[in-house]
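The values are calculated or read from the model by the stated rules, or taken from the named source; none is laboratory data. Just so it is clear, the structure is predicted and the values come from calculations on it, not from any experiment. Here Cβ is always computed from backbone atoms with ideal geometry, including for glycine, and neighbour counts include all displayed protein chains.
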Amino acid sequence: MSDSTVVHVIGTGTIGEPLIGLLVNMKDEIRIDEVTFHKRTPLTSDRSKVRSLIRRGAKLCVDSDKESEFRKLEMEPTYESLEALERATVVIDCTPSGVGRSNKKNFYQAYRHNTKGFIAQGSEFGFGKMYARGINDAALVPGEDQFIHIVSCNTHNLAVLIKNVGGVETDGDNFVEGRFLCIRRANDISQDGSFIPSPQVGKHDDEKFGTHHARDAYHLFKTIDIDLNLFSSAIKANTQYMHAIWFDIKVKHPVDLEKVIQRLREDESVAVTEKTSANLIFSFGRDHGYYGRLLNQTVVCLPTLHVRNGNEIVGFCFTPQDGNSLLSSVSAAEWFINPNEYKTRIQSLKPYFFDEI
């Protein structure tokens, strides 16, 4: 590990590229000395973004057998990939699903002696302790947790709904059950592939939880010893704007709509809105967010909130793309670097939180 504080990001895709940019732009505020990133394949189509990240201050790292190819394409590496791992204070893996677990087995275990922590994104169940900023910070144990799994953006959304609408944090015995329909966008605006011509329903692969969203939310809360009854379904819509979630949460104690809204407004990670269309919220993020991204955990649509029979809360909300995952990644990295000050350090990102949209 370098004497400097170095955050090394592996992958330059939908999560990796904006994360590298965020870390570079905010490195003074969050007290990082250097940001490095690994790119596996030299492609002319990726040259513009790689060179832009280098101009902004990030250091390119490549495999030794690819170094000459990168140089031929006018992308100048600073470090070889294994050298970058050796220098890293924290490693954030943003590779496609499943690769993070493979990297843990093949590479990261060998660098545990010199790296404070390793972080993986999204669908990497089993990589390490699950984490979502503001949900289970209390579960992180300094000196014990060296591998952290940042849950998916929709799992972040489920978790904050469970916390606030379900009142889990204020009364752990109040939550009865939660049912969720994740209406997923087809692909990211940065992606050409995987778009679909019409809505496509998903399978219930998990006997107990339906889809991985409820499963991951369940295990996320289990890290703080809360056992929940959850089930989720998923459908993919032919849009690139935002994920949306329909939720139905039952609680034991009677609650009114005013109380539900009050809980939501009291959480800084929650944005509320009178808008009912994803394009208007997406447009707000484009104009006011961090490079188009809202860092809130969720955007709850107030006109859709409804309390049925005094103890069942129903409504819709939107998932702020990958913004919530980016925030949790920075938070986890800062926790590895300084577990006593990380909450204070990430307050520099607060301008990209919104109470209302």
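Worth a mention:
- Among residues of segment 114-130 that are on the phi > 0 side of the Ramachandran plot, those with a beta-carbon under 9 Å from a residue that is of a type in the set (A, V, I, L, M) and in a loop (DSSP other than H, G, I, E, B) at least six positions away or on a different chain give the pairs 122/15; 122/151.
For (1) in a loop (DSSP other than H, G, I, E, B); (2) surrounded by fewer than 16 Cβ atoms within 10 Å (Cβ to Cβ); (3) touching a strand residue (DSSP E or B) at 6+ places or on another chain (Cβ under 9 Å); (4) aromatic (Phe, Trp, Tyr), each residue gets a yes or a no:
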site: 100; (1), (2), (3), (4): no, no, yes, no
site: 118; (1), (2), (3), (4): no, no, yes, yes
site: 123; (1), (2), (3), (4): yes, no, no, no
site: 126; (1), (2), (3), (4): yes, yes, yes, no
site: 134; (1), (2), (3), (4): yes, no, no, no
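- The combined condition, being assigned to a strand (DSSP E or B), under 20 Å from the mean Cα position of the chain (by Cα) and closer than 18 Å to residue 133 by Cβ, is fulfilled by residue 300.
- Scanning segment 334-352 for residues that are of a type in the set (Ser, Thr, Tyr) and either within 27 Å of residue 260 (Cβ to Cβ) or in contact (Cβ under 8 Å) with a residue 60 or more places away in the chain (or both) yields 348, 352.
- Residue pairs whose Cβ atoms lie under 7 Å apart, separated by 6 or more positions or on different chains, with the first residue in segment 309-333 and closer than 18 Å to residue 32 by Cβ and the second charged (D, E, K, R) and surrounded by 22 or more Cβ atoms within 10 Å (Cβ to Cβ), are 327/133; 328/133; 331/133.
Results for (1) out of contact with any helix residue (DSSP H, G or I) (no Cβ under 6 Å at 6 or more places or on another chain); (2) modelled with pLDDT of 95 or more; (3) hydroxyl-bearing (Ser, Thr, Tyr), shown as yes or no for each residue.
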site	(1), (2), (3)
28	yes, no, no
34	yes, yes, no
47	yes, yes, no
53	no, yes, no
59	yes, yes, no
62	no, yes, no
68	yes, yes, yes
82	yes, no, no
97	yes, no, yes
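- Within segment 64-85, the set of residues being surrounded by fewer than 17 Cβ atoms within 10 Å (Cβ to Cβ) and either closer than 15 Å to residue 107 by Cβ or of a type in the set (A, V, I, L, M, F, W, C) (or both) comprises 64, 73, 82, 83.
- Residue in segment 90-120 that is nearest to residue 337 (Cα to Cα), counting only those that are of a type in the set (Val, Ile, Thr) and under 20 Å from the mean Cα position of the chain (by Cα): 90
Residue-wise test of (1) assigned to a loop (DSSP other than H, G, I, E, B); (2) farther than 25 Å from residue 277 by Cα.
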| position | (1), (2) |
| --- | --- |
| 180 | no, no |
| 220 | no, yes |
| 227 | yes, yes |
| 240 | yes, no |
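- From the list 78, 36, the lone residue that is within 21 Å of the chain's Cα centre (by Cα) and at negative phi is 36.
- Selection count where residues are part of a strand (DSSP E or B) and within 25 Å of residue 181 (Cβ to Cβ), scope segment 136-159: 2
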